[in-house]
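Novice: First the structure, then my questions, so here it is.
The values are calculated or read from the model by the stated rules, or taken from the named source; none is laboratory data. Here the structure is a predicted model, which is why all the values come from computation and not from measurement. A quick note on method: Cβ atoms are made from the backbone with ideal geometry, for glycine too, and the neighbour counts reach across all protein chains shown.
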Amino acid sequence: MAAICTATGRDLAGVTVDARERAFMATVSAMLADPEWLLPIVAAQPQYRGTYYGLTAAALLEDLWYDALANWVARAEPAVALSKTPRGEPGVKGDYIVDSLPYSHKSGAGAQQTGVHWDALVAAQETTGTWTSAVPVTYVASGYSPVTGEWAPSSPTSKAGRFRAVWPRPESGDARGKVPALVEWQPDGSATLLAIWSSWPSFELVWPTLAARAAAGVPANHIELLWVPAKGVHELDAGTLTWKGRPGVYIFPADLLREVPTGKNNRATVLSKEIVHGLMASAAGLGLWTPMPMWFAAYAPPRPPDLYLSQRSEFDRRFSPASRPSALG
C-alpha cells in the first residue's frame, strides 16, 4: 500500500528528493550522533524558549543551530560548503545554504503551529489557502507531541504499556506509576531498555551507560531517558516504541512542499499542528529525519549562559598581563 502524506495528499513514492537534501540529512545525523554537539543543542531548547519571547527565542535557536552546524562542518566535514543566506536582500530565499542548496529553518517545541510567512503591513484577509515553498525546510522539533507513546514488547515476560517523555517534566516531578529508564531507541521504533532506576537518577548515574553505548558505536541521539511502567518491564527488554510526534530534525524536501494547506493567524500564514505532524511523518517515511532525544533538557540550568558576562570577559582579557607582554617588565 502506497504511503500518502496526510498534509498534502501526495503519494510519497512520487516525491522527488534532491541528492543534496539526503547528503545534508546525513551531515545532521552525524552531528547529532556526537554527544558533544547533541547535548548543548538540546539544553538550549528549553533555556531559550523559557527565557525569551517566541520570535526572539526562535531567532536565537536558529543562530545557535547554524553555529553548531558550522563548527561541525569545519571540523568533521570540511568538504561541505555552508554559508548564511544574505539577509535583507530582495529575492533571497532560505536562511542558510548547504552545497549550493538554500534551506529555510523552522523550529517548534514538537509539532506545533508554524508560521511560513509574516507581513507586518498586511492584515490577514483569508482564513485558509495553500503554500508552496521554493526551498526545502529544516524543521527542528524539540519536544514530544503527544508526551506519551505505546510500548509493544517482543518478549512474553514483558508487558505492553505506555511510556512518557521525561521532558517536559510532570508538575509533580515524576510520573505516577512510572520509573525512569534509559532506552536505546532506533529511528525505526525498535528499542531496548538499557537501565531502569527506582527514582530519578543523577546525571552521574545516567552518563556511564550512555557513554559506554556511544563508545560501542551507538549514536548518542539513539538513546533517550523515558518514564516507563514501574511493573511489567525489565532491563534489556526489547520491543517496539511507537510515538506520533518524536523530537528530531526533519528535512521537508522542496518537492513535498507544494500547495500545503495553510491558515491565518494575525498577519501570519501558518501551518496547523496536524499539517506539521503530517510533514514530519512524511519526512520520516522518506528517510529525511534523525532523532533528537530531549533527556538532557531535564538536567540543563533554567537559563542560557549570561550573554553580558561573555562580552565582559572579552573586555577584561584586554587588561590581563597575558595579553600585554609589555606589562611584565
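Novice: Working only within the range 272-329, note down all residues that are over 21 Å from residue 226 (Cβ atoms), in contact with a helix residue (DSSP H, G or I) (Cβ under 9 Å, 6 or more places away or on another chain) and at pLDDT 95 or above.
Specialist: 279, 282, 283, 285, 286, 287, 288
Novice: From the list 217, 161, which one is touching a residue at least 60 places away in the same chain (Cβ under 8 Å) and of a type in the set (Gly, Ala, Ser)?
Specialist: Selected residue: 161, the only one of 217, 161 that is touching a residue at least 60 places away in the same chain (Cβ under 8 Å) and of a type in the set (Gly, Ala, Ser).
Novice: All but one of (1) under 19 Å from residue 296 (Cβ atoms); (2) of a type in the set (A, V, I, L, M); (3) surrounded by 13 or more Cβ atoms within 10 Å (Cβ to Cβ) hold for residue 215, so report the exception by its number.
Specialist: With (1) under 19 Å from residue 296 (Cβ atoms); (2) of a type in the set (A, V, I, L, M); (3) surrounded by 13 or more Cβ atoms within 10 Å (Cβ to Cβ) applied to residue 215, the lone miss is (3).
Novice: How do the pairs read when you match residues in the range 13-38 that are in a helix (DSSP H, G or I) with residues anywhere that are at pLDDT below 95, using Cβ under 6 Å and keeping only pairs 6 or more apart or on different chains?
Specialist: Correct list of pairs: 13/2.
Novice: If you don't mind, another one. Would you check if there is a residue in the range 276-295 being surrounded by fewer than 22 Cβ atoms within 10 Å (Cβ to Cβ) and among the aromatic types (Phe, Trp, Tyr)?
Specialist: So far as the range 276-295 goes, yes, one or more of its residues are surrounded by fewer than 22 Cβ atoms within 10 Å (Cβ to Cβ) and among the aromatic types (Phe, Trp, Tyr).
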